[in-house]
Amino acid sequence: MDWIGWIILGFIAGALSGAVVGGRTARGCLPNVVVGILGAIVGGWIAQQLQFGQAQGFLAAIIVAVIGAIVVRVILEAVSPRDRR
């Protein structure tokens, strides 16, 4: 997949993970792409550790990236500072 494909995959995974995980972190187009690409890396690593093999096809890549992006968003939410009002 070329770099435009990775950006599209990152945006889709970031947007879907943003819909699943609530909170205030990483909202907007560029943060969604960054979270989605990081999620693809994390999801690929998780899939490799669980010995699932490589994701074949665009749909499998999105599923792996969304799972990884959800993990990234949960971690970001856990380490983000809370407002004390």
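The values are calculated or read from the model by the stated rules, or taken from the named source; none is laboratory data. Owing to the predicted nature of the structure, the values given are computational and were not obtained by experimental measurement. Virtual Cβ from ideal backbone geometry, glycine too; neighbours counted across all protein chains shown.
Look through the stretch 1-21, keep the residues that are part of a loop (DSSP other than H, G, I, E, B) and touching a residue at least 40 places away in the same chain (Cβ under 8 Å), and return whichever of them is farthest from P81 (Cα to Cα).
Step by step, filter the stretch 1-21, then rank; the result is M1.
Could you run through the stretch 38-81 and say how many residues are of a type in the set (A, V, I, L, M, F, W, C), over 22 Å from G5 (Cβ atoms) and part of a loop (DSSP other than H, G, I, E, B)?
Summing the residues that are of a type in the set (A, V, I, L, M, F, W, C), over 22 Å from G5 (Cβ atoms) and part of a loop (DSSP other than H, G, I, E, B) in the stretch 38-81 gives 1.
Starting from the stretch 26-51, keep only residues that are at pLDDT 85 or above, then list their pairs with residues that are small (G, A, S) and in a loop (DSSP other than H, G, I, E, B) whose Cβ atoms are within a distance under 7 Å, requiring at least 6 positions of separation or different chains.
V35/A26
Checking A69 against (1) at pLDDT below 85; (2) crowded, with 22+ Cβ neighbours inside 10 Å, which single condition isn't satisfied?
Only one criterion is unmet by A69, namely (1).
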